[in-house]
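The values are calculated or read from the model by the stated rules, or taken from the named source; none is laboratory data. Since the model is a prediction, treat every value here as computed from it, not as a measurement. Glycine also receives a Cβ, built like all others from the backbone with ideal geometry; neighbour counts cover every protein chain displayed.
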Amino acid sequence: MNGPTLEHYLVFSALLFCIGLYGMLTRRNLIAMLMSVELVLNAAALNFVAFHHFLFPGDSGGAVFPIFIIAVAAAEAAVALAIFIALFRHQQHLDVQQSDSLKG
Amino acid sequence: MTGHWFIDHLWLVPLFPFLGFLLVGLVIRPLGDRPSSTVAILAMVASAVVGWGAAFQYFTHHAGETLVPWQYEWLRFSPTLVGNMGVLVDDISMLLVLVVTTISLLIHVYSQGYMRGDPGYPRFFSFLNLFTFSMLGLVLACSVLQMFIFWELVGVSSFLLIGFYWAKPSAVSACKKAFIVTRFADLGFLLGLLMLSYYAKGLDFTFLTSPETVAKLARTTLPFLGVSALPLSAILIFCGAAGKSAMFPLHIWLPDAMEGPTPVSALIHAATMVVAGVYLVARMFPMFAASEPAILTVMSIGAFTALFAAVIAVTQFDIKRVLAYSTLSQLGYMMLALGVATLDKPLGFTASMFHLTTHACFKALLFLGAGSVIHAVHTNDMREMGGLRRKLPITHATFLIACLAIAGVPPFSGFFSKDEILAAAVENGHYFVFALALGVAGLTAFYMFRLYFMTFWSEPQDHEKYHHAHESPWSMTSVLIVLAVPTALLGLVPFGHYVHRGELEHHGINWLIAGPAILVGLAGIAVAFMLYFRPNGLPDRIAFAFSGIYRVIRDKFYIDELYLFVTHHVIFRYVSAPFNWFDRHCVDGLMDLTAQSALLSGRSLRRTVTGHLQTYLLWAWLGSAVLALVVWQMQAALGWALTFVGLGIIAGIFAWQWVLQLLNRSEPLKRIEKD
Amino acid sequence: MGLLTTIILIPLLAVFVIVLLPDRQKQAIKWVALAATGIDLGLSIYLLVDYLHLISGLPGSGTSTALSLQYVERHVWLGRLGIEYFLGVDGISVLMIFLTAVVIFCGVCASWKHEYRTKEFFAFLLLLVTGVFGVFAAHDLFLFFLFYEVAVLPMYVLIGLWGTGPKEYSAMKLTLMLMGGSALIVVGILVLYFQAGVGSFSMSAIAQAKIPASTQAWLFPIMFFGFGTLGGLWPFHTWSPDGHASAPTAVSMLHAGVLMKLGGYGCLKTIYLMPEGALMWGTFFMVLTTVNIFYGALVAIQKTDLKYITAYSSVSHCGLVLFGLGTLNATAMQGAVVQMFAHGLMTALFFALIGMIYGRTHTRYITEMGGLFKVMPFLGVAYMVGGFAGLGLPGLAGFIAEVQVFIGAFALNSIGHRLLTILVAASVVTTAVYILRFLTRMFYGPLQNPEHAKLTDATFVERVPLTILVFLLAFAGMFPGWMIRLIEYSLAPVMANLEQARRAMLP
């Protein structure tokens, strides 16, 4: 039987990516934006795995990178959440639309 | 080196007064009045001794030669063009050394009495020394450059001395005027010097006046105007001479210069500095004589000034101003004499130098006498004087001698020199000039005796002033007496024997020329006698009858007003002020505009920086999308196109914001007030 | 360590010492500054005398023996790029180093009463002067530019912090305009470096490498405008009036007296490096500088603020420097260098005097002064001497410069050039007008303000710089021979380059 091909994976990851991108650009809550970023990262990781599986099964690089991505995403989430907590304590909300102190 | 000590050490002549200036000005001034004047006078004595010694040695051993006993390279312009400083010895420089050292020494002595008690006494003597230094440097100059240098220095010492009473506003404007007018004339001199430096390729007088150089200059045609270099450079140099000698139309500074102390008027503005112009033309005589237009310019300007100034002198009431206009007129005489001389018949040259010498004596005497009068009555206005002969006997006697000399009454000195000028005019066929000079002689006699009668005869007009008048101290009257001697007798010296160009045949007195001159002079005296000997209403009635002309003459033909209008209104208001405006608003405005456009663009672009995280993200994504597109297509053209579209969008935003800003004027750019 | 490095390092050393001193020790700070500048003055006099001694053995005038650089110090610095620590002087640099030493010494004397943030003030002042010495001593273009920036940048702080009036505006304007000039210069230097292709920034190496004429044709005006901005070239002079008016006394002295000379010096080097470009553009710059000279004098007539008057007279006088250079005639260029020296002395004198008079009367407007001779005769006499030097009175240094420039420029035998020369010569009259105007306005006449009757004349510390400057003006004016000797040998290589280019350009 025909399993899902490379194209399926790519389309799926592209969808994932676009959802993440859309979330990043539209969500006003920082936590929601962080979640969107995670989606984008996962889309990239999925691409790596798919390419590894279908095109370069012998090359270990494709398998190692997702692990890196997961590790980095975890570290990122830790740092970001810490910042968010500090930010929340400082201004009582996490709305990006209202945080514009860098306005020119 | 000539082996004659005085001639070889002529450089000491200007050096002594210079040392005197430095010493008095820097060291001795705080010590008090007496030491200052003593040092200044000693410097002058030393200078006069060397000067007289050199002149004696020159006229006995080297008469007629031109020597340069000492010179050094002062400023090298290029390997071929060198500005030398040195000492040039010939008949006229020796003559001027005699005149300058002598008169200057006498006036130093006179000033001891005249300036006594003045708070600026030491300063006065240091300035007098400075002036004498500059004048002697000018007289002995061996190159045009040196002449120009000392020319400017006499100008500045004249400025300092006219402005000696610096707290007096009239003196301030007078000294400014004198300096700027002569400076303007010196521009001509400078341009002449530049022409000579280029076309003659040398600046030394011995080189410039040599026949070869003159011929070379005459052959050189200028790239523009089509004339040869000779007349143009000569006329330009004459501009400088005319400024310093106050020839029309640059004469306006001299009458105002009478604001200075009277000894200064005598020394600088009568006897020495103002003849520098005549001296310069005489110094470059071969150049002038070789060029018809130049020599004619000298003659006509001299003749016109002689008449013009004499006419004005008739209507003036300030004793020093009358003398000033008389000086103008006599300087015109000297110029005229030079103008009628030619290389073949150079009698005018001798006559001019002769008149320069006698004029220096009698005009110095007149000014010093006037100073003595002013010292006694404390006014310059002749209408407040009168009858002073009883109060000031010595002044009166010496003044009379000087008046007779200037009026050309034989056997006083002025008669001989004036006669020689008239003879020179006739000799070279300038009959019109001769007639004009004769007329001026009559006018001269008239206005001088008008002055004399109004001051010393007539009746005392202001009894208070008359009552307090007294004869001046010995230091002043002795100088008057000493000066009266050459004033009376100098005419008897066989002048042409010593100072001449070319071969001068013996020239006796031609009574056909001298006769009318004497008659005209006597007639002038007689008219003055009738009008002014006793107080009567006649002069006023005449003035009333011709009131229109009289007023024009009295107001000096409104030339001062014309100058004032041109300088103050035209140049100051319509040239200089617009330049100032242009600089602040256009040139500087352009710079500010550059700065402000940077500011404005920054201000517009800041709208793109919203502070919102997601805006940045959007830009970043759009940018990477564009990049991805370019890389994907690998087409440079597309890349450029997209870049331009992007830049266009940014520029559009920028422009839109700018328009908005212009429309709203919400936040006008703060412009800092400037000068 | 060579003499030149010593001269450059001493002020820098003093900067460190001053920074380490506590802020309260104002007197000590001033003494350190005075000592450093005094030592530098001594060293520069030694340099001058030694150099004069060196050339006294050379054959007389006219021989265009190019005198090679003296006191050379050469060390590889950034070897791969060919950047060296390359110092060396010719006669012109020696004269300029001497001028700098004199002016900074007098400047330190004139700011003896400085009280506000004294430490930082003197530190920046000495830093600036380090840069100036460096520019005049450097022979490597990279080093030259480095020092040039060191000389220009502290100005922003000095004016912005210690200035008067709209000081931020002036400081900003001055710095931005000069930076604009620097941008042009750095472009020029890089183009020269790459076009010469000798892998060296050394000026003589680049000059020998012969930049193609087509490059020179566009590069020359760029560099000339770059340096000209600092030299007060019209129409990029407008930083000067505002900057000088706002700057404190010593800074004005140094800036007008020495820094503007960097511009002229740089222009001279530009001509040396690009003779063909100079031949193509010389007349163009003569026209611009004629505008400078005439226009500066005319605007100065209108001004009533002393500092503005002096600034515009600087525009006019520095115009004469650039005019002389633009003629490309040996005599006029000689005059231009003399004018740099003379103008340096006289503007330093002017600004020192303005500072002293302002410190007493608290006004800089000549309309509010009058009759000051009565209360401050010494300052008055010094001002008179400065003024006379400004209007080119013989016997003072300005005349030597003017007459040389005029004579040199007049030797260009074409109607256009003649007209320019005549116009420039006519400026001596306008100059006399404005100088006499402010001199008589300030010092002559009755005492205008009764308050001024209580004022005092110069103190001893103030007399020192004034006396030095007046003496030098008179000395250089009466005995110009030594300057001419210094300059003519150093101009010889420039003239040789120009001559070669002239021949190359002939069909």
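The table below lists the values:
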{"quantity": "Qualifying residue in segment B:191-204 (condition: more than 9 Å from chain C (Cβ to nearest Cβ), under 23 Å from residue B:250 (Cβ atoms) and in contact (Cβ under 8 Å) with a residue 24 or more places away in the chain)", "calculated": "yes"}
{"quantity": "Single unsatisfied condition, residue C:70 versus (1) at pLDDT 85 or above; (2) under 25 Å from residue C:259 (Cβ atoms)", "calculated": "(1)"}
{"quantity": "Residue count, segment B:604-627 (criterion: more than 10 Å from chain A (Cβ to nearest Cβ) and at pLDDT 80 or above)", "calculated": "6"}
{"quantity": "Some residue of segment B:509-528 being out of contact with any Cys (no Cβ under 7 Å at 6 or more places or on another chain), exposed (fewer than 12 other Cβ atoms within 10 Å of the Cβ) and not in a helix (DSSP H, G or I)", "calculated": "no"}
{"quantity": "Residue list for segment B:167-189, restricted to those being within 7 Å of chain C (Cβ to nearest Cβ) and out of contact with any Asp or Glu (no Cβ under 9 Å at 6 or more places or on another chain)", "calculated": "B:167, B:169, B:176, B:179, B:180, B:184, B:187"}
{"quantity": "Qualifying residue in segment C:268-285 (condition: aromatic (Phe, Trp, Tyr) and within 14 Å of chain B (Cβ to nearest Cβ))", "calculated": "no"}
{"quantity": "Criterion violated by residue C:446 - all others in (1) touching a Lys or Arg at 6+ places or on another chain (Cβ under 7 Å); (2) touching a residue at least 12 places away in the same chain (Cβ under 8 Å); (3) within 7 Å of another protein chain (Cβ to nearest Cβ) satisfied", "calculated": "(1)"}
{"quantity": "Answer from B:159, B:207, B:164, B:238 - the residue that is within 14 Å of chain C (Cβ to nearest Cβ), assigned to a helix (DSSP H, G or I) and out of contact with any Asp or Glu (no Cβ under 6 Å at 6 or more places or on another chain)", "calculated": "B:159"}
{"quantity": "Those residues of segment B:589-599 which are more than 14 Å from chain A (Cβ to nearest Cβ) and touching a residue at least 12 places away in the same chain (Cβ under 8 Å), in sequence order", "calculated": "B:592, B:596"}
{"quantity": "Pair list, Cβ under 7 Å, 6 or more apart: segment C:380-400 residue more than 20 Å from residue C:354 (Cβ to Cβ), other residue among the hydrophobic types (A, V, I, L, M, F, W, C) and assigned to a loop (DSSP other than H, G, I, E, B)", "calculated": "C:399/C:393"}
{"quantity": "First in segment C:299-323 and facing chain B (nearest Cβ under 10 Å), second anywhere and among the small types (Gly, Ala, Ser) and surrounded by fewer than 24 Cβ atoms within 10 Å (Cβ to Cβ), Cβ under 8 Å, 6 or more apart", "calculated": "C:299/B:576; C:301/B:576; C:302/B:576; C:302/B:577"}
{"quantity": "Single unsatisfied condition, residue C:434 versus (1) among the hydroxyl-bearing types (Ser, Thr, Tyr); (2) at the interface with chain B (Cβ under 10 Å from one of its Cβ atoms); (3) within 19 Å of the chain's Cα centre (by Cα)", "calculated": "(3)"}
{"quantity": "Only one of B:425, B:435 that is more than 28 Å from the chain's Cα centre (by Cα) and either of a type outside the set (Gly, Ala, Ser) or part of a helix (DSSP H, G or I) (or both)", "calculated": "B:435"}
{"quantity": "Test set (1) within 14 Å of chain C (Cβ to nearest Cβ); (2) closer than 29 Å to residue B:285 by Cβ - residue B:92 fails condition number", "calculated": "(1)"}
{"quantity": "Subset of segment B:524-566 (residues that are in contact (Cβ under 8 Å) with a residue 24 or more places away in the chain and within 30 Å of the chain's Cα centre (by Cα))", "calculated": "B:550, B:553, B:554, B:556, B:557, B:559, B:560, B:563"}
{"quantity": "Among residues of segment B:57-77, those that are surrounded by 20 or more Cβ atoms within 10 Å (Cβ to Cβ) and within 14 Å of chain C (Cβ to nearest Cβ), counted", "calculated": "4"}
{"quantity": "Qualifying residue in segment C:107-115 (condition: assigned to a helix (DSSP H, G or I), hydroxyl-bearing (Ser, Thr, Tyr) and under 21 Å from residue C:348 (Cα atoms))", "calculated": "no"}
{"quantity": "Complete set of residues in segment C:391-402 that are more than 7 Å from chain B (Cβ to nearest Cβ), part of a helix (DSSP H, G or I) and over 13 Å from residue C:323 (Cα atoms)", "calculated": "C:397, C:398, C:399"}
{"quantity": "Hits in segment C:476-507 (condition: free of Cβ contacts under 8 Å to residues at least 24 places away in the same chain and not charged (D, E, K, R))", "calculated": "C:479, C:481, C:506, C:507"}
{"quantity": "Conditions (1) farther than 27 Å from residue B:18 by Cα; (2) β-branched (Val, Ile, Thr); (3) more than 7 Å from chain B (Cβ to nearest Cβ); number of the one not met by residue C:385", "calculated": "(1)"}
{"quantity": "Any hit, segment B:79-101, residues being more than 30 Å from residue B:502 (Cα to Cα) and of a type in the set (Gly, Ala, Ser)", "calculated": "no"}
{"quantity": "In segment B:78-91, residue nearest to residue B:51 (Cα to Cα) [restricted to those that are of a type in the set (Val, Ile, Thr) and surrounded by fewer than 21 Cβ atoms within 10 Å (Cβ to Cβ)]", "calculated": "B:82"}
{"quantity": "Exclusive hit being over 19 Å from the mean Cα position of the chain (by Cα) and at positive phi, set B:396, B:378", "calculated": "B:378"}
{"quantity": "Test: residue in segment C:461-481 that is of a type outside the set (Lys, Arg), closer than 30 Å to residue C:361 by Cα and over 24 Å from the mean Cα position of the chain (by Cα)", "calculated": "yes"}
